[in-house]
1. Residues of the chain: accessible area per residue at 1.4 Å, in Å²?
2. Which of the aspartates and glutamates could be linked to Lys232 by a straight reach, that is with a Cα gap under 14 Å, when you skip same-chain ones fewer than 8 residues away?
3. Compare the peptides 295-302, 245-252 by average per-residue count of other Cβ atoms within 10 angstrom and give them in order, highest first.
4. Quick check: at a probe of 1.4 Å, how many percent of the accessible area of the chain sits on carbon and sulfur atoms?
5. Top mean-square fluctuation among Val255, Val223, Val287, Gaussian network model of the chain, C-alpha springs under 10 Å?
6. Given all pairs of different Cα atoms, what value in angstroms does the Kirkwood hydrodynamic radius of the chain take?
7. Cα to Cα, under 24 Å, and not fewer than 8 places away if on the same chain: which lysines meet these conditions relative to Lys243?
8. Take every Cα pair under 8 Å in the range 207-309 that's 6+ residues apart, average their separations, divide by the length, and report that relative contact order as a whole percent.
Amino acid sequence: MSEKASATLSVGVIGLGYWGPNLLRVLHELPEVGALWACDVREDALVSVDRRYPSVVTTTDAQAVIASPELDAVVIATPVSTHYELALSALLAGKHVFVEKPLTASVAQAEHLIKVAADRSLTLMPGHTFLYSPPVNLIHELIASGELGEIYFISTSRVNLGLHQPDIGVAWDLGPHDFSILRYWMNELPSQISALSRSCIIDDLPDVAFINLGFPSGAIANVELSWLAPSKLRRTAVVGSKKMVVYDDTSNEPVRVFDSGVVPSAPETFGEYKLAYRSGDIVSPQVEAAEPLLLEMTDFCNAIRTGEPPRSNVQVGVDVVRICDAVDRSLRIGGAPVGLEPEGRIRLADGTPGR
Ligand SMILES: NC(=O)c1ccc[n+]([C@@H]2O[C@H](COP(=O)([O-])OP(=O)(O)OC[C@H]3O[C@@H](n4cnc5c(N)ncnc54)[C@H](O)[C@@H]3O)[C@@H](O)[C@H]2O)c1
């Protein structure tokens, strides 16, 4: 850590395309962060940084950021195919590293980065922003407190028109959001994954995927992902034995809790089922107004300072990559169900073994 870091952290952001400027803006706001560098191979991306943040050092050379003795940490927001090499060279140069989701393009790459970071006592953090989202945290509390009852199933749609990524299909691009949320809410990893996809516009670049996940608890989930949709949807329904929740990330009322369900009673004669449908109050709880990205970058700075794992930690990162990898393996065998690989190293964020 540089001498300056005793007061503040010095951070370099690599990749200033669609997402990187958001990270730069938030880091610029944080009192924990002092000197900032920004890097993109595209000169035009640097022009707007120079104009907006005159104090930020700009460069087109990622290795200059990684090698700079002035910097404590590197934030990587480049295409997924570049994550591993950039993160590895930054860790080897002694930098703490934040990598946008998904952590890497393969499980082996993720596990190698985790080992390199651990060997050097450096923070490595994947960018699973939704773990810092107030609505996602509210639903986590509803599930963990038992208010929803047993979770029967979760159905989620994350679709919009664009943006096709050049190096990864839609499951690796949008899927990590839902996979990280499902892992967090369910407090378990899926034991069975099957997927169908289609490359509608560009050959061998799936732009729509339907993914089914089965959990050890018996809960099932369906994740619909697409870059080809008439309108933007960010909608998740959680159906429990006591209550149901609709989470719409595009709504002013992002979480609505339905006191609805079905109560079966014992059949009077063989084969005769009596079901009572219960449709009670719909409550829209107050959701804290906090920017997830600001909370995420604050957690990164805190993890560097304390050595404690952040909420979005490496185990989340590698588990999400394992789910993406399982999706690919299922796709290769025509959508048949597969398990997670490697088996037997399921550990949850709080260090407890997964169910
Ligand atoms: N957390 C979120 O909600 C969220 C949202 C969007 C994107 N992302 C993630 O952010 C990352 C970037 O996505 P994007 O949509 O901004 O991509 P993008 O293609 O718009 O931007 C990537 C930028 O990286 C630059 N770049 C590539 N290689 C470089 C190198 N070696 N050195 C310096 N610059 C380099 C490119 O010139 C480009 O400007 C991805 O991992 C993506 O999954 C996260």
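The values are calculated or read from the model by the stated rules, or taken from the named source; none is laboratory data. Just so we're clear, the structure is a prediction, and the values are computed from it rather than from any experiment. Neighbour counts run over all protein chains shown; Cβ positions are idealised from the backbone, glycine included. With ligands, DNA and RNA removed, areas are computed over all heavy atoms of the protein, side chains included. Shrake-Rupley method; radii C 1.70, N 1.55, O 1.52, S 1.80 Å.
1. 46
2. Glu224, Asp248, Asp249
3. 295-302, 245-252
4. Heavy-atom surface of the chain belonging to carbon and sulfur, 1.4 Å probe: 54 percent.
5. Evaluated over the chain, the most mobile residue of the options is Val287.
6. 21.6
7. Lys243 reaches Lys274.
8. Values: 133 pairs, mean separation 15.2, N = 103.
Result for the range 207-309 is 15 percent.
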